[in-house]
Structure formats: C-alpha cells, structure tokens
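The values are calculated or read from the model by the stated rules, or taken from the named source; none is laboratory data. As the structure is a prediction and not an experimental result, all values here were calculated from the model. So basically every Cβ, Gly included, is an ideal-geometry build from the backbone, and we count neighbours across all protein chains shown. SASA here: full protein model, heavy atoms, side chains in, ligands and nucleic acids out. Shrake-Rupley method; radii C 1.70, N 1.55, O 1.52, S 1.80 Å.
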Amino acid sequence: KPQLVASNDRFCRFLEEYCPVVTETYYPTIWCWEGRVQTLLRPFITSRPQVQYRNELIKTADGGQISLDWFDNNDSSCYPDASTRPTVLLLPGLTGTSKESYILHMIHQSETLGYRCVVFNNRGIAGEELLTPRTYCAANTEDLEAVIHHVHSLHPSAPFMAAGVSMGGMLLLNYLGKTGRDTPLMAAAIFSAGWNVFESVESLEKPLNWLLFNYYLTTCLQSSISRHRQMLEKLFDMDLVMKARTVREFDKQFTSVMFGYRSIDDYYEDASPCRKLKSVGIPVLCLNSVDDVFSPAHAIPVETAKQNANVALVLTSCGGHIGFLEGIWPRKCTYMDRVFKQFVQAVFEHGNKIFSM
C-alpha cells in the first residue's frame, strides 16, 4: 500500500473518498518491479494514444517564444461550452515534449472526462526556433507564469489546474512556492519530482546510474541545444558544453551560467522544490516512488509536507521514475495515470470540499 502523508484530515478524507487509488495496494508488474527496470522499460512498453494537437506560439516579455500544444476536446459531451470546460496544463520532464507517452496518456484520461488540455513545451525543444539565447531551467518560473496567465486569460471562467512530471513537476512546485495562493490554478498534481537537486545528481552519478541514465540524459540535453548552436554561441563556449559527460557538468557550463547564478550550488539550491514546499498555497498531490534513482527516498521532504495543510504525498515502494507499471503486460494505464485521472476529476467535480480547508 502507498504511504499517504498529509497533515490535513479534511484533505486525507477527500482523497480517500474521491481519489481512492492513493489508498489501494499498488501491484507493480512482477517481471519488472525494480525501479531502474521500470524507468527504462516504460517508454518502450506503454502505448502511445493518438492525439491531435493545435499548436500556438506565444511571445514572451524578453522577445522569446513558447510553444503550446492544445487538445481542445471540442467533442466533449460533458462540457460542450468551451468557455467553462475544465482545463489541465501539462508540464513534461527535462527534455520532454507533448509527444511523450505519459503526456499522451494524461490527455487520453482527460478526454474521457471531457476536459481540455494544453501542454507547455519548454523553449527550443518542440521544433520551434529560439529567438533569444535562452532556454529553460527548473528554478526560473517566468515562462510558466506567462503560460498560466495566457491560458487563464483565454478561458477565465474555466476551472484550471496543472500537472507536472519530473522536472515539469519541480518547475510547477517552484512556481507554487513562489506564488502561494496568488495563482489562478485550483490545484496541482506532481509526479516523480526531484525534491533535492543535490541528492538527485549525486544519485545519478553512482556508476550504474551514470551508465543507465546520466550519460544518456546529458546527451539528450546537448542534442536539445545543438540545433540552436548559432544563437547560443553568442553567449556560451558550446564546444565546452558539448564535452559534458554528466548532468552536473552540463548545468555547470550551461544552465547555471544562462540564468546568472554565481555557482552551480546556488542554482541547485534555488531549483530544489523542497525549499519552497512550505509556501505552497493550493492543494497539491505529489506521487513519488521510494526506489526512484532520480529522486532518492531520503530526500523526499516528508516532515516539511506534514507542516503544510495543502500538501499530500503519496509514496509507493516500487515504481521507479515515471514508471509505475502494473499488470502482467503494462501497455496501457499505469498507476500514475490512474492517480492523475482520479485526482483531476476529484478537483474539478468535488473541489469545493477541499477549498474550504
């Protein structure tokens, strides 16, 4: 059974009644229950639902642009009025886009409930051009703030919440810690966030984890910026950036420099959501597996979560990083997908029961 950590009895009762999956026993796929195996296999095993997007490019205050992929769900029978159709903003992981299988599954779940989705693609990774020599990071919430304001301004009468996965979850938590209650979002769901970046990179630098994840992730980061090399060479020694062999080296040479941090330690401290959790001002459900090498169990801020009535942690013993595979042949729905679906539906259809907390 997952461990449910929440100091607010009303929030606990709300989850038990309207999101009961968080109290049910999670049975990981027996032949790939180990966390690293779950993490590696999920992208290859899970299906990829067909989703037709409508793309929108929005301009930012600094002259850049952000790519949003909309799933309008105009065939929604539950919410035929687009102006009041509930909207879910989805934030993919570090180098992820709207094409990730976990994003497609979230949209599929939302479609069955009649909701609209919009995917926030970080700058420069969804095929659009960089108009300025700037990408993104987990600590800087300016682009996310612009997107939330834009989406809310288009549909001010629509119930609005967000869900973030991995780095997308970290970014969303950092935004919520910064804004408190001053956000148009009703609630948020966070999946496989790295709570303490120092602990995450240290875990990923262990020999086996470096071999399985760190080096590949570093090459993905390098690949995501190499297409924009001509623009980025104005500010960076790109040859040095391309020599990085770990995420830490990449962040030291590129990310921390881009966003003006004096050192990589300053950046990692600012990027760690555990520091801002106490300031979150809306209901947030966070799912982590304690065998996730991207977010080690000892770094999950259980005691801090207990001090904020708006926060609930759901901790499984297995599941890996964005894994949570279940069933003999886990092609379709994962435990994470079921948590997402039930929590989003609970917030949109019964949210008044927790908003008086």
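Here are the numbers for this structure:
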{"quantity": "Residue that is surrounded by fewer than 23 Cβ atoms within 10 Å (Cβ to Cβ), touching a helix residue (DSSP H, G or I) at 6+ places or on another chain (Cβ under 8 Å) and not charged (D, E, K, R), where the choices are Ser263, Ser289, Ser272", "calculated": "Ser263"}
{"quantity": "Of all residues making up region 166-199, the number that are under 20 Å from Phe348 (Cβ atoms), open to solvent by 10 Å² or more (accessible area, probe 1.4 Å) and touching a Gly at 6+ places or on another chain (Cβ under 8 Å)", "calculated": "3"}
{"quantity": "Residues located in region 62-91, provided they are farther than 23 Å from Ala138 by Cα and in a loop (DSSP other than H, G, I, E, B)", "calculated": "Asp72, Asn73, Asn74, Asp75, Ser76, Ser77, Cys78, Tyr79, Pro80, Asp81, Arg85, Pro86"}
{"quantity": "Any hit, region 8-30, residues being surrounded by fewer than 15 Cβ atoms within 10 Å (Cβ to Cβ) and in contact with an Asp or Glu (Cβ under 9 Å, 6 or more places away or on another chain)", "calculated": "yes"}
{"quantity": "Test: residue in region 325-334 that is modelled with pLDDT of 85 or more, touching a Leu at 6+ places or on another chain (Cβ under 9 Å), under 22 Å from Pro273 (Cβ atoms) and crowded, with 23+ Cβ neighbours inside 10 Å", "calculated": "no"}
{"quantity": "Filtered residue count, region 263-303, keeping only those that are in a loop (DSSP other than H, G, I, E, B) and in contact with a strand residue (DSSP E or B) (Cβ under 7 Å, 6 or more places away or on another chain)", "calculated": "5"}
{"quantity": "Residue check for Trp70: of a type in the set (A, V, I, L, M, F, W, C), in contact (Cβ under 8 Å) with a residue 40 or more places away in the chain and open to solvent by 90 Å² or more (accessible area, probe 1.4 Å)", "calculated": "no"}
{"quantity": "Any hit, region 227-247, residues being among the hydroxyl-bearing types (Ser, Thr, Tyr) and in a helix (DSSP H, G or I)", "calculated": "no"}
{"quantity": "Matching residues, region 75-108, being closer than 18 Å to Ala126 by Cβ, touching a Gly at 6+ places or on another chain (Cβ under 9 Å) and open to solvent by 10 Å² or more (accessible area, probe 1.4 Å)", "calculated": "Leu94, Thr97, Glu100, Tyr102"}
{"quantity": "Any chance Asn352 is more than 27 Å from His108 (Cα to Cα) and not β-branched (Val, Ile, Thr)", "calculated": "no"}
{"quantity": "Set Arg54, Arg36: member being under 27 Å from Ala146 (Cβ atoms) and basic (Lys, Arg)", "calculated": "Arg54"}
{"quantity": "Selection from region 292-324 of residues that are open to solvent by 40 Å² or more (accessible area, probe 1.4 Å) and of a type in the set (Gly, Ala, Ser)", "calculated": "Ala297, Ala309, Ser317"}
